[in-house]
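S.K.: Here it is, the structure in full.
The values are calculated or read from the model by the stated rules, or taken from the named source; none is laboratory data. Not measured: the values here are computed from a predicted model. Cβ placement follows ideal geometry from the backbone for every residue including glycine, while neighbour counts extend to all protein chains displayed.
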Amino acid sequence: MNRQSNIITALYCRLSRDDDVQGDSNSIANQKRLLSRYAKDYGLPNTKYFVDDGYTGTNFNLPGFTEMIEAIEDGYIGAVMVKDMSRLGRDYLQVGIYTDQFFPEHGVRFIAVNDGVDSAEGENEFAPFRNIMNEWYARDISRKIRSSQRLRGNAGVPLSLPPYGYVKSPDNPKYWIVDEEAAAVVRRIYQMCIDGYGIDKTAAIFEQEEILKPTEYWKLKGVRKPGRKPFSESPYHWSSNTVNKILTSREYMGDVVNFKTYSKSFKDKRRYENPEENHVIFEGVHEPIVDRQTWEMVQRIREGTKRRQPKKVEKNMFAGLLYCADCGRKLHFNVNHPHSELQYFNCSNYRGNRGTCNQTHYIRVDALEQVMLLEIRRLTAFLQDKEEDFVKLLMAKTLEVAERESARREEELRANLARCAELDGLFSKTYEDNASGKLSDERFMMLTKRYDDEQLILKKKISALRAEIDKDKKSRMNAASFLRLVRKYTDIQELTPLVLHEMVEKIVVHHAQGTGKNRTQQLDIHYNFIGVLDMPEVASLPSSVTIDTRQGVAVEYITRKAG
């Protein structure tokens with residue numbers, strides 16, 4: 001049997017989510033019935049359906065459409081039939097390329113039933129106009145969708161799919177609930193970061209333990225469509241990018257982050273990264289998988305380890321916590337290679353390393369470990385010996401600034417939110433006026449740009465005000481949080497990365513002063529929640545912490561008093 005006797009009549013059906021508003025008339029089932037009936041009427045043999053259900057008409061990279069085009073190129077299809085021109089697509093230039101060039105070049109007859117188009121009867125003069133109207137329809141739908149998404153996004157409704165660890169609530173699809181099985185993996189990723197594991201190491205461990213990567217997990221649970229490749233050859237291969245994304249997503253502490261990406265045109269289906277200042281963040285919308293303190297701790301850890309680490313040396317737990325007292329830049333971790341046991345930090349901006357800072361601010365890692373362990377023990381001793389005084393000190397420290405600007409900020413926030421809501425209303429009215437013909441396209445574009453610009457400025461102000469108000473509220477709880485931390489480590493025997501990052505926000509390192517027995521170096525320890533804490537009634541550090549340097553120098557480390 002030759003190929004000619006097997007020539008197929010392709011019955012192409014497409015339905016996008018936007019077509020749902022038109023009821024059943026465009027349903028796939030109705031399209032199939034109509035095309036099957038007309039194929040018989042036209043006497044076209046060997047019919048085969050090619051279907052794209054749930055795909056937009058402005059995109060031609062669709063599974064069913066692609067399969068049909070490949071079959072045409074291989075010479076298996078002699079005719080293509082669609083319900084109307086819009087089913088083929090809503091980009092009049094692309095549709096024109098297929099109907100005027102591709103189909104004729106491959107000897108394919110094209111029929112659009114409801115539009116009366118049949119290439120066997122010659123050119124249809126109205127077909128190009130229908131293509132233009134179909135594209136206008138797609139453009140109009142796209143504009144309506146963007147307007148709707150703008151309103152939903154500014155109201156705190158998540159515009160993206162739930163990330164790994166969450167699923168949509170069956171009672172309210174706009175709300176995310178925790179998927180405990182995946183959430184356990186997310187929590188482990190955060191804990192491994194705190195414990196000093198890099199993203200590559202974490203990914204390798206998960207692959208070794210055969211933990212399904214997120215895409216494969218979703219397929220297994222039926223959460224997401226498998227797509228064109230339903231089975232992966234490496235279902236346990238976690239990429240470092242996946243681990244990194246989980247570690248940096250605010251959603252895991254309960255926030256909704258909208259407008260992270262945008263499209264440049266309804267014809268361009270690619271998504272582009274939106275600058276962070278254009279993100280709209282709503283805090284505490286859904287149940288967190290990791291608490292805010294843990295998330296922020298992980299960001300500090302990762303910020304401190306972005307630069308290239310010394311070869312064959314594990315990440316040091318102080319990385320990212322040490323700052324130069326003179327220039328404010330971070331201190332970098334180094335290893336003395338002839339003496340690999342000697343690890344130290346110095347200013348990344350030191351002039352001797354082609355920077356601008358005049359001093360090295362050199363400090364040994366073993367000295368830091370001793371000082372911090374002694375300081376934490378001082379805190380716990382103060383709490384145990386004079387708990388009432390300790391609590392009073394914390395309350396005075398955390399409330400000294402908390403009430404100063406709170407009322408003014410909240411009033412300003414209310415005014416900005418009201419104006420933002422007013423702009424949403426103006427935008428909707430402007431769109432309605434444009435759609436009804438009361439407002440020209442030129443005037444519409446000018447007004448919407450003005451509203452967009454003003455709203456962008458307001459959103460930045462609102463985000464900043466919310467952050468400050470949240471900071472004010474947190475300051476009232478900071479004393480209790482820090483008190484819990486100190487109690488937690490009452491019997492501390494060893495300084496670990498977890499202890500250090502839970503307790504300390506940063507350490508400001510001054511350059512050492514003096515020589516010999518008079519050599520001193522000041523450290524300003526900023527604790528999480530409270531900053532620098534002065535404990536005047538508690539014995540300070542021993543007179544010196546002696547480090548066995550090659551010169552046998554004894555260095556006294558002085559912690560700064562709050563003031």
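S.K.: Keeping to segment 180-202, report how many residues are out of contact with any His (no Cβ under 8 Å at 6 or more places or on another chain) and in contact (Cβ under 8 Å) with a residue 40 or more places away in the chain. Walk me through it before giving the result.
M.R.: Taking segment 180-202 as the starting set, the residues that turn out to be out of contact with any His (no Cβ under 8 Å at 6 or more places or on another chain) are 180-193, 195-202.
So of that shortlist, the ones also in contact (Cβ under 8 Å) with a residue 40 or more places away in the chain come out as 183, 186-187, 189-190, 193, 195-196, 198-200, 202.
The number of residues fulfilling the criteria is 12.
S.K.: Give Asp20, Asp74 a once-over and let me know the one that is at pLDDT 85 or above and either in contact with an Asp or Glu (Cβ under 6 Å, 6 or more places away or on another chain) or exposed (fewer than 14 other Cβ atoms within 10 Å of the Cβ) (or both).
M.R.: On the way: Asp20 fails: at pLDDT 85 or above.
Only one candidate qualifies: Asp74.
S.K.: Only residues in segment 27-55 that are under 19 Å from Glu121 (Cα atoms) count as the first member; pair them with residues that are among the small types (Gly, Ala, Ser) and surrounded by 14 or more Cβ atoms within 10 Å (Cβ to Cβ), Cβ under 6 angstrom, at least 6 apart or cross-chain, and list the lot.
M.R.: From residues that are under 19 Å from Glu121 (Cα atoms), the pairs are Leu44/Ala79.
S.K.: Are any of the residues in segment 73-81 without any contact (Cβ under 8 Å) to a residue 40 or more places away in the chain and assigned by TED's automatic domain parsing to the domain that holds Tyr12? Full working, then the answer.
M.R.: Filtering segment 73-81 for residues without any contact (Cβ under 8 Å) to a residue 40 or more places away in the chain gives 73-74.
Now drop any that are not assigned by TED's automatic domain parsing to the domain that holds Tyr12, which leaves 73-74.
Looking through segment 73-81, at least one residue is without any contact (Cβ under 8 Å) to a residue 40 or more places away in the chain and assigned by TED's automatic domain parsing to the domain that holds Tyr12.
S.K.: Check Lys219 against each of (1) under 25 Å from Lys260 (Cβ atoms); (2) at pLDDT 90 or above; (3) part of a helix (DSSP H, G or I); (4) of a type outside the set (Val, Ile, Thr) and name the one condition it does not meet.
M.R.: Condition (2) is where Lys219 drops out.
S.K.: Residues that are at pLDDT below 75, at least 3 per element: which strands (runs of 3 or more DSSP E) completely within segment 449-563 meet that? If you could, list the steps in order and put the result at the bottom.
M.R.: Numbers: elements: 504-509, 520-527, 554-559.
Because the criterion is at least 3 residues that are at pLDDT below 75, the strands (runs of 3 or more DSSP E) in segment 449-563 that meet it are 554-559.
S.K.: Could you grab me the full set of residues in segment 276-291 that are under 22 Å from Ser481 (Cβ atoms) and either without any contact (Cβ under 8 Å) to a residue 40 or more places away in the chain or among the basic types (Lys, Arg) (or both)?
M.R.: Gly284, Pro288, Asp291, listed by residue number.
S.K.: Tell me which residues, restricted to segment 65-95, are part of a helix (DSSP H, G or I) and closer than 10 Å to Phe50 by Cβ. Please lay out each step first, then the result.
M.R.: We begin by selecting, within segment 65-95, every residue part of a helix (DSSP H, G or I); these are 65-73, 85-88, 92-95.
Across segment 65-95, the qualifying residues are Phe65, Thr66, Glu67, Met68, Ile69, Ala71.
Yes/no per residue for (1) crowded, with 16+ Cβ neighbours inside 10 Å; (2) touching a strand residue (DSSP E or B) at 6+ places or on another chain (Cβ under 9 Å):
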residue	(1), (2)
Val157	yes, yes
Tyr166	yes, yes
Pro170	no, yes
Pro173	no, no
Glu181	no, no
Gln191	no, no
Asp195	no, no
Thr202	yes, no
Ile205	no, no
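S.K.: Moving on to the next point. Can you run down the residue pairs with Cβ atoms below 7 Å, 6 or more apart or on separate chains, where the first is in segment 377-394 and touching a residue at least 12 places away in the same chain (Cβ under 8 Å) and the partner is part of a loop (DSSP other than H, G, I, E, B) and hydrophobic (A, V, I, L, M, F, W, C)?
M.R.: Here the result reads Arg377/Ile492; Arg378/Met535; Arg378/Val538; Thr380/Ile492; Ala381/Val538; Phe382/Met535; Phe382/Val538; Leu394/Ile530, each pair linking segment 377-394 to a residue that is part of a loop (DSSP other than H, G, I, E, B) and hydrophobic (A, V, I, L, M, F, W, C).
S.K.: Right, Glu296: among the acidic types (Asp, Glu), surrounded by fewer than 16 Cβ atoms within 10 Å (Cβ to Cβ), closer than 30 Å to His361 by Cα and at pLDDT 75 or above or not? Steps first, answer last, please.
M.R.: Details: among the acidic types (Asp, Glu): yes; surrounded by fewer than 16 Cβ atoms within 10 Å (Cβ to Cβ): yes; closer than 30 Å to His361 by Cα: yes; at pLDDT 75 or above: yes.
The answer is yes for Glu296.
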